[in-house]
Amino acid sequence: MEEKELGHWISNTPAGPTDALLCVLAHADKNTTLLNSARTNAILFPSYEAFVNSGQNAALFLVHGAESDWVTQTVIQLRQDKVHGDKPLFVSAPSTPLVECLIDGVVTSDAQARMIAHGFNALRAELPSRVAVVTQDHRLLQFLYERPHFIISPYKDWQTPRVYGYPLLACMQTQAGDESRWIHTLLARQLIEPVTLVDRMRECPKCQSAHLAFVDVCPTCHSLNITQKPFVHCFTCGNVAPQEKYMDKGGLVCPKCTARLRHIGEDYDRPMENYSCNACNAGFIDAEVRVRCMSCNSEHAVDDLAVRQVNSYRLSEHGRVVVRTGGSDDLFSVLDRINHVTPTMFEHMLDWVLNLCDRHPDVPFSVLGIKVVNLTTLTEEIGRARVMQLLDAFIGRLRELIRLTDFVTHTADDQLWVLLPKADEPGVARFIERLNQLQELAQNEGKAGLILRTVRFSAPSQPVKGEAANQLMIKLAAKLE
């Protein structure tokens with residue numbers, strides 16, 4: 001590639017002492033290495049691999065090429081790079097929708113790219129110094145903080161099981177997993193917020209694939225072998241059957257009573273039944289719709305399909321505070337999604353049911369304390385991000401056990417409390433039994449998972465006379481230690 005082909009990109013003005021090194025990745029047939037780097041503080045490479053092999057540490061990147069496939073591949077390689085993936089990245093011309101999900105913009109010159117990157121650097125200067133090892137959450141949140149207007153956009157690819165994915169998250173995640181699960185966790189912790197509803201998908205409840213086939217079947221025997229036919233209703237005997245069974249020498253004769261049907265409205269009419277099953281001979285108006293997953297071949301009713309909303313997202317104000325302060329949000333904030341109340345309100349409700357049960361012993365209730373025994377050691381072993389995923393999956397399943405009338409709070413990072421009105425001792429025992437089954441579902445791919453310890457109190461089977469809520473919770477909490 002000749003230098004003059006990039007002349008409109010790289011100015012000939014000598015670079016100032018504070019200008020950051022600009023790396024230009026341009027599609028070339030020969031390995032041109034330098035582009036007037038002494039004057040412009042820019043360096044040219046023909047590919048991502050050539051840049052990596054050079055050992056250079058550029059501050060911002062420009063990708064230039066006429067072939068969209070090459071541009072797309074190069075942009076993805078840069079965003080996936082563990083060292084350079086979160087640096088300012090631009091292209092020289094509009095490209096594919098996938099590229100637009102990953103870049104910081106389209107620029108016409110290095111000066112424009114440097115100006116935009118300068119704004120990113122100014123915001124980065126507001127943040128605490130980055131530690132040597134950061135989680136994928138911290139990396140993503142800082143990336144979004146430096147780019148106040150950046151939107152995490154979904155990308156539609158029919159060849160993927162769920163059709164919609166998030167290219168930025170796929171490039172930046174360091175732990176294996178579904179980027180939709182990562183989004184779900186970030187939303188639960190209120191670190192990001194939805195911007196625009198892009199689509200609403202129906203997915204297989206078994207494998208989450210969006211590749212579904214909707215088929216009409218017989219509502220009686222569920223056979224696919226159904227045919228749309230005209231039906232005839234004989235007024236003489238009330239027989240209803242497909243018209244073909246009435247045909248006799250060009251006229252209509254009832255196959256049941258042999259009456260000849262001449263005048264519609266007097267001898268017969270045509271009912272609404274217009275489907276016939278060739279397997280069981282049933283007649284019906286509307287066929288039953290069944291859904292077949294094209295990925296796992298399972299079958300489901302339409303109402304059983306999982307509904308997934310596809311949104312674009314941005315950094316929330318709470319997320320900005322977390323990044324700016326350098327702190328970490330509450331690890332157990334995922335619990336705030338399931339009928340959560342503050343500890344003060346929880347104690348108030350517990351006092352109320354204690355007094356109610358004291359006056360009306362026929363109104364039982366239970367209190368359940370749950371402690372994640374190995375939360376600290378598990379965080380050290382597999383990392384905070386993975387623990388968040390385990391907690392999120394656990395709470396997602398715990399939500400299935402929580403009724404609308406139950407109340408949940410947590411008084412420490414590893415302690416969760418559930419108030420179960422109208423739940424007697426056998427009822428809370430069944431709850432704990434199902435809760436223990438959830439531990440098996442929250443295993444970390446063969447490694448140590450969440451280990452739970454529980455304590456319970458049920459009234460009126462246990463003494464409650466004169467017991468205050470805070471005293472009761474202190475006694476129960478001591479048994480959790």
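Structural remarks
- Test: residue in region 181-190 that is assigned to a helix (DSSP H, G or I), of a type in the set (D, E, K, R) and within 30 Å of E380 (Cα to Cα): yes
- Qualifying residue in region 415-430 (condition: open to solvent by less than 30 Å² (accessible area, probe 1.4 Å), of a type in the set (V, I, T), at pLDDT below 80 and within 24 Å of E481 (Cβ to Cβ)): no
- Selection within region 370-380: residues that are at pLDDT 75 or above and part of a helix (DSSP H, G or I). The member of this set that is most open to solvent (accessible area, probe 1.4 Å) is T377.
- Some residue of region 345-358 being modelled with pLDDT of 80 or more, open to solvent by 20 Å² or more (accessible area, probe 1.4 Å) and more than 24 Å from S461 (Cα to Cα): yes
- One residue stands out among those in region 91-108 that are assigned to a helix (DSSP H, G or I) and open to solvent by 10 Å² or more (accessible area, probe 1.4 Å): the one that is nearest to Y166 (Cα to Cα), which is L98.
- For region 238-261, a residue qualifies if it is open to solvent by 50 Å² or more (accessible area, probe 1.4 Å) and modelled with pLDDT of 80 or more, and the qualifying residues are V240, K245, M247, D248, P255, K256, T258, R260.
- Across region 173-186, the qualifying residues are those that are closer than 19 Å to D86 by Cβ and surrounded by fewer than 22 Cβ atoms within 10 Å (Cβ to Cβ), and the one among them that is modelled with the lowest pLDDT is Q175.
- Exclusive hit being open to solvent by 30 Å² or more (accessible area, probe 1.4 Å) and at pLDDT 80 or above, set F407, F365: F407
- Of the numbered criteria (1) more than 22 Å from G55 (Cβ to Cβ); (2) open to solvent by less than 30 Å² (accessible area, probe 1.4 Å), the one L78 fails is (1).
- For region 103-130, filtered to residues that are in contact with a helix residue (DSSP H, G or I) (Cβ under 6 Å, 6 or more places away or on another chain), within 17 Å of L141 (Cβ to Cβ) and not charged (D, E, K, R), the residue that is modelled with the lowest pLDDT is L123.
- Restricting region 200-227 to residues that are open to solvent by 50 Å² or more (accessible area, probe 1.4 Å) and of a type in the set (D, E, K, R), the residue that is modelled with the lowest pLDDT: K206
- Apart from one condition, P88 fits all of (1) open to solvent by less than 20 Å² (accessible area, probe 1.4 Å); (2) at pLDDT below 90; the exception is (2).
- Selected residue [assigned to a loop (DSSP other than H, G, I, E, B), surrounded by 15 or more Cβ atoms within 10 Å (Cβ to Cβ) and at negative phi] from P128, P148, P161: P161
The values are calculated or read from the model by the stated rules, or taken from the named source; none is laboratory data. These numbers were taken from a predicted model, which means no experiment stands behind them. Don't worry about glycine lacking a Cβ; one is built from the backbone with ideal geometry, like all the others, and counts go over all protein chains shown. Keep in mind that these areas ignore ligands, DNA and RNA; they rest on the heavy atoms of the full protein, side chains included. Shrake-Rupley method; radii C 1.70, N 1.55, O 1.52, S 1.80 Å.
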